[in-house]
């Protein structure tokens with residue numbers, strides 16, 4: 001019996017695939033940032049890690065959501081700026097405008113309930129794109145039914161959690 005060493009993925013295909021899927025999020029947000037905004041009934045639920053590297057949130061928001069939060073981009077969002085590695089947007093929390101910046105690598109879930117489109121990412125190690133190795137893994141999950149509502153808000157994550 002020979003002890004063969006398993007092949008090493010020096011191409012980091014898992015990371016490449018995750019980056020490609022995050023490119024879908026970037027393209028969807030770029031469409032939302034156009035002057036006409038979101039087309040039709042499209043809107044986005046974006047769940048992200050609030051303490052991930054590069055996330056910028058007001059301290060009171062981080063205190064309220066210390067691990068992750070979900071924001072909704074539908075009718076009432078301002079100053080959406082889409083960059084290669086992150087997006088920033090102004091949302092209202094209790095009527096008070098608050099700016100946020102979210103790197104795409106901090107996103108756990110992107111969901112457009114108007115067409116039942118879901119991308120989900122599960123972090124299996126501390127997200128650091130400068131480190132070698134697989135840091136994330138794509139996970140398919142059933143799409144939860146999400147009620148439509150006007151205006152951005154933070155939603156309960158219970159409906160998205162695996163049971």
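Scaled to the compact-protein estimate 2.2 N^0.38 Å, what is the alpha-carbon radius of gyration of segment 47-93, rounded to two decimal places?
Normalised Cα radius of gyration, segment 47-93: 1.15.
Under 8 Å for C-alpha pairs, at least 6 residues apart: give me the relative contact order for segment 13-138, rounded to a whole percent.
28 percent
Could you work out how much longer the chain between residue 114 and residue 88 gets when fully extended? Use 0.36 nm per residue separation minus the Cα distance between them, nm to one decimal.
Working it through step by step, the gained length comes to 7.1 nm.
If you wrap a convex hull around the C-alpha atoms of segment 1-77 and split its volume per residue, what is the figure in Å³?
174 Å³
Which residues does a label at residue 64 reach in segment 95-110, if reach means a backbone N under 14 Å from a point 7 Å past the Cα toward the Cβ?
What the label zone holds, given the 14 Å backbone N cut-off, is 95-100.
Using Cα-Cα distances under 8 Å and only pairs 6 or more residues apart, what relative contact order does segment 25-97 have, in percent?
Value for segment 25-97: 30 percent.
On full extension of the chain, what length is gained from residue 76 through residue 19, given 0.36 nm per residue of separation minus the C-alpha to C-alpha distance?
Full extension from residue 76 to residue 19 adds 17.7 nm.
How much space per residue, in cubic angstrom, does the convex hull of the C-alpha atoms of segment 13-138 take up?
103 Å³
Laboratory data are not the source of any read-out in this text; all were calculated from the coordinates shown. Values in this document were obtained by computation on a predicted structure and should not be read as measured data. Counting neighbours? That spans all protein chains shown, and the Cβs are built from the backbone with ideal geometry, glycine included.
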